[in-house]
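The values are calculated or read from the model by the stated rules, or taken from the named source; none is laboratory data. Being a predicted model, the structure only gives us computed values, none of them experimental. Because the Cβ atoms are built from the backbone with ideal geometry, glycine has one as well, and the counts that use them run over all protein chains shown. Surface areas here come from the heavy atoms of the whole protein model, side chains and all, with no ligands, DNA or RNA. Shrake-Rupley method; radii C 1.70, N 1.55, O 1.52, S 1.80 Å.
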Amino acid sequence: MMKHRLNLRVNKQDFEVFVKPKTTLVDLLRDELGLTGTNKGCGTGECGACTVLMNGNAVNSCLVLAVEADGAEITTIEGLASEGRLDPLQQAFVDEGAIQCGFCTPGMILVAKDFLEKNPQLREEDYKTAISGNLCRCTGYVKIVKAIKKVAEGE
Amino acid sequence: MKDFEYHSPATLEEACQLLKKYDGQAKVLAGGTDLIPGLYRREIVPEQVINIKGIPSLNFIANEESKGLVLGSLVTFNEIISSPIIEEHYPILKEVAEKIASHQVRNLATIGGNLCNAAPSADSAPILIALDSTVALIEPGGKERTLPLEKFFIGPGETALAPGEILIQVHIPLLKPRTGVSYLKQTSRQALEIAVVGVAALVRLEKKTEKCSLVRLVIGACASTPLRIPAAEKILVGKKIGSQDIEAAAKAASEAVKPITDVRASKLYRKEMVRVQCKRSLEEAISRAKSSPETGME
């Protein structure tokens, strides 16, 4: 099967890679680029563990073919901290103890990042809506919601 | 996932030609939220995948005086949710979009994809049929045709698309005065869930008399396609609708649907829930019709 050349920008770094059409974005990020902070859970868009930002939108990277990301700007959990400082969402997750096993955490943080940017006015139930596509099997949702709310309210 | 050839046409004509050339072996990729899980589970094994997302003319939302709302087939559900035009003139579409999947999936999934995937449970179908929507299809050579959405669905995963045809637009007529719409989706969770039963209702009431002049009742997930229920509509049209009429219409709907038993619900349960949700959906549509503005296009 012919490999396709694609150029993409991941965490502000340019990459040129060759992929088979069937390679998904999550597999490219993990297996080719070594960015294993993006986790792969279900592979079918149901668990949210593989959430990344693609051109600013949170997407399940298992539902995107790598070839579709040609020319795209991708942000993974590795790209959130800058100059040695954690993103406010990352800091809030640490401060609130919103992490247990950690498998869902990158996806939770990235979907929250997108959701907070697009929804300046949030109602109480919106925090749950934001993470409704992300499963935490430690069931630590209360602290996750608390951490996101903390950032939304600018505490 | 099995290997396949990938195409990323830049124009509609190129996409139609590819689809025609590889008829029966090709799948169109738009949002990918149904296609890619299908590839992953090897339920869909196409030799060719044609990504139409590079075609710019398919991604727009426009409110036109003659046609009403026009949605390009690549409009995503989150674009529907955040559109000021839709929020002002067609808030029901936002309400329905918010009931679909998750934030991440709504960033990818498109209105055209939801319709062309033709799942009997597709959330956008019942409400769009209730709103009397049509779809515009284009074939190789550029000839277009429009089709009432109701006639677009043939069976699970089957549509009226001919070889080489692509769904390019959805047209939704303007909502007339004293018209209320509702979509109720029954699920066991509140997100990332496929409807057990979906009910869309549109009700129009006459001025002063409040007699019902038009009803469209459409059920999802309870037949091989989204199903309009003329038997239930007939009970309501021409009447000042009372609670007994609603009960009778809901019962007629329950009798008309042909659901299957699957992992989400049994046939019997679905039939009973059609009755319950039709009643609630009709009540909501009637109440919205009563409070909808008196002015506007007749």
**Prompt:** Of the residues that sit in region A:68-89 and are in a loop (DSSP other than H, G, I, E, B) and touching a strand residue (DSSP E or B) at 6+ places or on another chain (Cβ under 7 Å), which one is nearest to the other protein chains (Cβ to nearest Cβ)?
**Reply:** A:ASP70
**Prompt:** Scanning region A:117-145 for residues that are hydrophobic (A, V, I, L, M, F, W, C) and surrounded by fewer than 19 Cβ atoms within 10 Å (Cβ to Cβ), which turns out farthest from B:HIS103 (Cα to Cα)?
**Reply:** A:CYS138
**Prompt:** Looking at (1) surrounded by fewer than 15 Cβ atoms within 10 Å (Cβ to Cβ); (2) without any contact (Cβ under 8 Å) to a residue 40 or more places away in the chain; (3) farther than 21 Å from B:SER124 by Cβ; (4) not aliphatic (A, V, I, L, M), which is the one condition that is false for B:PRO293?
**Reply:** (2)
**Message:** Name the single residue that is least open to solvent (accessible area, probe 1.4 Å) among those in region B:83-128 being within 20 Å of A:LEU116 (Cα to Cα) and acidic (Asp, Glu).
**Reply:** B:GLU95
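Here is a yes/no grid of residues against (1) at pLDDT 95 or above; (2) closer than 30 Å to A:MET2 by Cβ; (3) out of contact with any Leu (no Cβ under 8 Å at 6 or more places or on another chain):
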residue: B:LEU29; (1), (2), (3): yes, yes, no
residue: B:THR33; (1), (2), (3): yes, yes, no
residue: B:PRO56; (1), (2), (3): no, yes, yes
residue: B:GLU65; (1), (2), (3): no, no, yes
residue: B:VAL70; (1), (2), (3): yes, no, yes
residue: B:THR76; (1), (2), (3): yes, yes, no
residue: B:GLU79; (1), (2), (3): yes, no, yes
**Asked** Residues that are more than 18 Å from B:ALA130 (Cα to Cα) and under 22 Å from the mean Cα position of the chain (by Cα): which helices (runs of 4 or more DSSP H) entirely in region B:196-298 hold 3 or more of them?
**Response** B:267-291
**Request:** Pull up region A:1-25, narrow it to residues that are in contact with a His (Cβ under 9 Å, 6 or more places away or on another chain) and without any contact (Cβ under 8 Å) to a residue 24 or more places away in the chain, then point me to the one that is farthest from the other protein chains (Cβ to nearest Cβ).
**Result:** A:PHE18
**Prompt:** Can you tell me which residues in region A:90-134 are part of a loop (DSSP other than H, G, I, E, B) and more than 14 Å from chain B (Cβ to nearest Cβ)?
**Reply:** A:GLY97, A:ALA98, A:ILE99, A:GLN100, A:CYS101, A:GLY102, A:PHE103, A:GLU124
**Prompt:** Any idea which residue in region A:68-111 is farthest from A:ILE144 (Cα to Cα), counting only those that are open to solvent by 20 Å² or more (accessible area, probe 1.4 Å) and among the small types (Gly, Ala, Ser)?
**Reply:** A:GLY71
**Message:** When you scan region B:74-93, do you find a residue that is under 19 Å from B:GLU144 (Cβ atoms), without any contact (Cβ under 8 Å) to a residue 24 or more places away in the chain and touching a helix residue (DSSP H, G or I) at 6+ places or on another chain (Cβ under 9 Å), even just one?
**Reply:** no
**Item:** Candidates B:ILE111, B:ILE100, B:ILE154 - the one that is over 20 Å from B:LEU282 (Cα atoms) and more than 13 Å from the chain's Cα centre (by Cα)
**Value:** B:ILE154
**Message:** Between B:ILE246, B:ILE235, B:ILE219, B:ILE229, which is more than 24 Å from B:ALA119 (Cβ to Cβ), in contact with a Cys (Cβ under 9 Å, 6 or more places away or on another chain), modelled with pLDDT of 95 or more and open to solvent by less than 50 Å² (accessible area, probe 1.4 Å)?
**Reply:** B:ILE246
**Item:** Residue count for region A:26-53, restricted to those that are more than 10 Å from every other protein chain (Cβ to nearest Cβ) and open to solvent by less than 40 Å² (accessible area, probe 1.4 Å)
**Value:** 9
**Message:** Name the residue that is farthest from the other protein chains (Cβ to nearest Cβ), counting only residues in region A:54-65 that are in contact with a strand residue (DSSP E or B) (Cβ under 6 Å, 6 or more places away or on another chain) and surrounded by fewer than 24 Cβ atoms within 10 Å (Cβ to Cβ).
**Reply:** A:ASN55
**Request:** Mind listing whichever residues of region A:16-26 are assigned to a loop (DSSP other than H, G, I, E, B) and touching a helix residue (DSSP H, G or I) at 6+ places or on another chain (Cβ under 8 Å)?
**Result:** A:PRO21, A:LYS22, A:THR23
**Request:** Look at A:LEU29 and say whether it is not assigned by TED's automatic domain parsing to the domain that holds A:LYS113, not in a strand (DSSP E or B) and not basic (Lys, Arg).
**Result:** yes
**Message:** Tally up the residues in region B:142-187 that are touching a residue at least 40 places away in the same chain (Cβ under 8 Å) and out of contact with any strand residue (DSSP E or B) (no Cβ under 8 Å at 6 or more places or on another chain), please.
**Reply:** 9
**Message:** Please determine whether any residue of region B:37-45 is within 19 Å of A:ASP27 (Cβ to Cβ), modelled with pLDDT of 95 or more and of a type in the set (Ser, Thr, Tyr).
**Reply:** yes
**Message:** Tell me yes or no: at least one residue of region A:13-21 is in contact with a Gly (Cβ under 9 Å, 6 or more places away or on another chain) and open to solvent by less than 20 Å² (accessible area, probe 1.4 Å).
**Reply:** no
**Prompt:** Which members of region B:129-167 meet the condition of being charged (D, E, K, R) and either farther than 21 Å from B:ILE92 by Cβ or crowded, with 19+ Cβ neighbours inside 10 Å (or both)?
**Reply:** B:GLU139, B:LYS143, B:GLU144, B:ARG145, B:GLU150, B:LYS151, B:GLU158, B:GLU165
